[in-house]
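The values are calculated or read from the model by the stated rules, or taken from the named source; none is laboratory data. Not measured: the values here are computed from a predicted model. Virtual Cβ from ideal backbone geometry, glycine too; neighbours counted across all protein chains shown. Keep in mind that these areas ignore ligands, DNA and RNA; they rest on the heavy atoms of the full protein, side chains included. Shrake-Rupley method; radii C 1.70, N 1.55, O 1.52, S 1.80 Å.
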Amino acid sequence: MICVTIGRGRHRHVIAEHKFLAENGIRLVEQRLDFIEGPVQVKRLLLNRPCPTIATCRRAADGGRWQGTEDERMLVLRTAIVEGVDYVDLEDDVAGRVPRYGVTKRIVSHHDFQRTPDDLEAIHARLAALDADIVKIATMARHPSDNLRMLALVRSARVPTVGICMGDIGIPSRVLVGRCGAPFTFATFHEDRAIAPGQIGWRRMRDVYRYDSITDVTKIYGVVADPVAHSLSPVVHNAALAAAGIDAVYLPFRVPADQIDAFLEQAARWPLSGASVTIPHKEAVLKHAARQDALVESIGAANTLAFDADGIEAFNTDATAAVESLEAALADHHADQSAPGIGVKTALVLGAGGAARAVAFGLRQRDVDVTVCSRTLERARRIATEVGCKAIDWAARYRMPYDCVVNATPVGMHPHVNETPFEKQHLRSYMVVFDTVYNPENTLLVKEAMAIGCHIVTGVDMFVRQAAIQHRIWHGVEPPQGVMREALKKATSSARTHE
Ligand code: NAP
């Protein structure tokens, strides 16, 4: 069950949000009474409440906004109990002072905004002994393995326990806690109004992660990156899983660079079935791979891992996706072409990072004459040596005409949508313009190239194709690419609206 936390300053807003949530199928709400500005009218908030309610009133030390005295806070909580609130949240240092009364169930809670302490079991035993119906522990995750310790605690607890790690490293624990036996997890009313660090919106919890359908046999996948908060892979992969009816969930794993080895060594404890890998881990994961596909061996970087009893298998889906995107876009265009392979002879790749390397490699495999162009010439030269192409300085990008121009830099990406890596006066109508940026799909480069009649390949196409190849690798079935594309487009446009 998803418990949605409401934190609003005005009573009428709390009541309106509570009603809205109940109408949308939410069956448990936490009212954060410490958010109310001025005297708290507990009776008014609880009267005719449309679904069961947890009354919580947090001090600043526990991440709350309570500004009155401790006696006043206790009065608010006691009033909620007298009014018969369904649950009351009592911090561990006050729970002993508030006796059980009436129908109200007691949630005894502990918060640590600094770390996930080593002695979680001891803390849990102390809370459970305070006449708890439910134990709640929320601690800051500093390491992905903090999630594992917390989930193990929830699984072994005799008293129903909601154990959550805070911060973006802790997001997996919020989604998986029900799988380990927790009675509910917490989500926020609005993504932009997270009440605790790492808390996610109830719609995302319900519709993207499908919290209520996660069980002990649900397989776990995810994207491993740092940062990971803006990754759209969870939206795309979870939409595909839902549409394909696959019992699996795909999570964002923020794994700092110095923790990737430990994360992969502990993969079986989640247990992880597969992972997308992105910045900064694409090369670091290779030493953990028992097997690699031919592209990983050639490119020296992986963006996909599959875990099984025989160890980790590494794949690279970026190069194939880039070339497939070009092929698909040009399929109807090259009936009259004499060029072999994908129908372009020369390509300029802008940028010299992971995407540029994958694109350059994919194009070279199709015999395209590739030139990599980068601000940092040294990086371009390295790719040139690795894939067998030319390297030029950023300033030299307009000197020669190319059949195809590929943007593999972040230039033009949201929010810098008025920038282009290739000025429009140098575009020609015969060119194929491929922008790997997918947020937005119609970058300035794409718009200007379209305006003069160039053939266009977009980053959305490449992104969906690389995710689709991952889906095939992990699940062995054809991916619902239309659903994935729609999910990506919807997520990019709603992310822009919310900023
Ligand atoms: P990366 O490894 O960080 O490389 C970025 C490259 O862009 C570097 O060569 C960098 O040059 C260059 N660059 C950055 N800012 C620049 C600027 N203002 N002017 C000129 N060059 C600039 O990143 P990546 O993984 O290759 O990803 C690059 C972009 O590709 C991403 O932002 C994303 O939009 C896109 N991408 C798309 C897909 C897809 O499926 N559609 C997949 C992966 C990536 P320096 O070396 O000089 O810093």
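Tabulated results
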{"read-out": "Protein accessible area in segment 22-171, 1.4 Å probe - carbon and sulfur %", "value": "50"}
{"read-out": "Within straight-line cross-link reach of LYS345, lysines at Cα separation under 17 Å, skipping those fewer than 8 residues along the same chain", "value": "LYS390"}
{"read-out": "Ranked order, LYS345, LYS489, LYS287 - accessible area, probe 1.4 Å, largest first", "value": "LYS287, LYS345, LYS489"}
{"read-out": "Percent RCO, i.e. relative contact order, over segment 332-457, from Cα pairs under 8 Å lying at least 6 residues apart", "value": "21"}
{"read-out": "Accessible area of TRP394 in the full protein assembly, 1.4 Å probe (Å², nearest 10)", "value": "60"}
{"read-out": "Translational diffusion of segment 2-216, µm² s⁻¹ [Kirkwood Rh, Cα pairs; Stokes-Einstein; 25 °C; 0.890 mPa s]", "value": "143"}
{"read-out": "Degrees, to the nearest 10: 354-365 long Cα axis against longest axis of the chain", "value": "40"}
{"read-out": "Spatial extent of the chain: Rg and Dmax, with the Cα atoms as the point set, Å", "value": "26.2, 85"}
{"read-out": "Per residue solvent-accessible surface (Å²) - the chain, probe of 1.4 Å", "value": "42"}
{"read-out": "Ratio Rg/Rh, restricted to segment 332-457 and using Cα atoms, in which Rh is the Kirkwood radius", "value": "0.94"}
{"read-out": "In degrees, nearest ten, helix 70-82 long axis to first principal axis of the chain (Cα)", "value": "80"}
{"read-out": "Ranked order, SER325, SER145 - accessible area, probe 1.4 Å, largest first", "value": "SER145, SER325"}
{"read-out": "Highest average packing first - 166-177, 91-102, Cβ atoms within 10 Å", "value": "166-177, 91-102"}
{"read-out": "Residues of type lysines that LYS19 reaches as a straight line, Cα spacing below 20 Å, ignoring anything fewer than 8 places off in the same chain", "value": "LYS43"}
{"read-out": "Cα-based reach from LYS287 at 17 Å (exclusive), listing aspartates and glutamates while leaving out same-chain residues under 8 positions away", "value": "ASP258, ASP261, GLU265, GLU297, ASP308, ASP310, GLU313"}
{"read-out": "Student exercise, the chain dipole from Lys, Arg, Asp, Glu Cβ charges, in Debye to nearest 20", "value": "1000"}
{"read-out": "Accessible-area value, HIS230, 1.4 Å probe, nucleic acids and ligands omitted, Å²", "value": "150"}
{"read-out": "Area accessible to solvent at ARG142, 1.4 Å probe radius, in Å²", "value": "130"}
{"read-out": "Solvent-accessible surface ranking, highest first, for ARG78, ARG399, ARG115 at 1.4 angstrom", "value": "ARG399, ARG115, ARG78"}
{"read-out": "Relative contact order, percent, the chain [alpha-carbon distance under 8 Å, six or more residues apart]", "value": "8"}
{"read-out": "Degrees separating the helix 144-156 axis from the principal Cα axis of the chain, which is the longest one", "value": "40"}
{"read-out": "Bridge type composition, the chain - antiparallel percent by DSSP, nearest 5", "value": "10"}
{"read-out": "Inter-part distance where segment 433-499 and segment 253-293 are each reduced to a Cα centre, Å", "value": "25"}
{"read-out": "Segment 332-457, accessible surface, carbon-and-sulfur percent (1.4 angstrom probe)", "value": "49"}
